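The values are calculated or read from the model by the stated rules, or taken from the named source; none is laboratory data. What you are looking at is a predicted structure, and each value in this text was computed from that prediction instead of being measured. In this analysis, Cβ positions are derived from the backbone assuming ideal geometry, glycine residues included, and neighbour counts consider all displayed protein chains. Protein only, heavy atoms only, side chains kept; ligands, DNA and RNA dropped before computing areas. Shrake-Rupley method; radii C 1.70, N 1.55, O 1.52, S 1.80 Å.
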Amino acid sequence: KNEVKFSASAAKRVGEIQKIEGNESLMLRLAVLGGGCSGFQYKFDLDENTNNDDHIFEMSGKKLVIDEVSLELLGGAIVDFKTDLGGSFFQVENPNASANCGCGASFSI
């Protein structure tokens, strides 16, 4: 079974976004799309709906939603929220990726 770890800082950020948007039912959706500078790219979205093929990972009551197809490429990954000089962003640490691009938004396997 493919597991993805949803970090405490990412869950905290989802909570902040829920407050800003005034919507407690928002979840973080992560999808893997074809394209990007290394073959695949990550796409983060906010969603309040789940689909039949979605898998839900929880941390501190906040939810990360990943569809079945994307999860195949994400088993063992960690979804984190980072803050550095370049700004604040959600990041995927994916052990399946053989090559990551510098921007961290795409990868190849």
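Summary of values
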{"read-out": "Enumeration of residues in the range 4-52 that are among the aliphatic types (A, V, I, L, M) and assigned to a strand (DSSP E or B)", "value": "MET27, LEU28, LEU30, ALA31, VAL32, LEU33, LEU46"}
{"read-out": "Tabulated pairs, the range 1-18, first within 14 Å of PHE44 (Cα to Cα), second among the β-branched types (Val, Ile, Thr), C-beta under 8 angstrom, 6+ apart or interchain", "value": "PHE6/VAL79; ALA10/VAL79"}
{"read-out": "Count of residues meeting criterion [closer than 14 Å to PHE44 by Cα, free of Cβ contacts under 8 Å to residues at least 40 places away in the same chain and of a type in the set (A, V, I, L, M)] in the range 72-97", "value": "0"}
{"read-out": "Of residues in the range 1-52 being within 14 Å of the chain's Cα centre (by Cα) and open to solvent by 70 Å² or more (accessible area, probe 1.4 Å), the one farthest from GLY87 (Cα to Cα)", "value": "GLU3"}
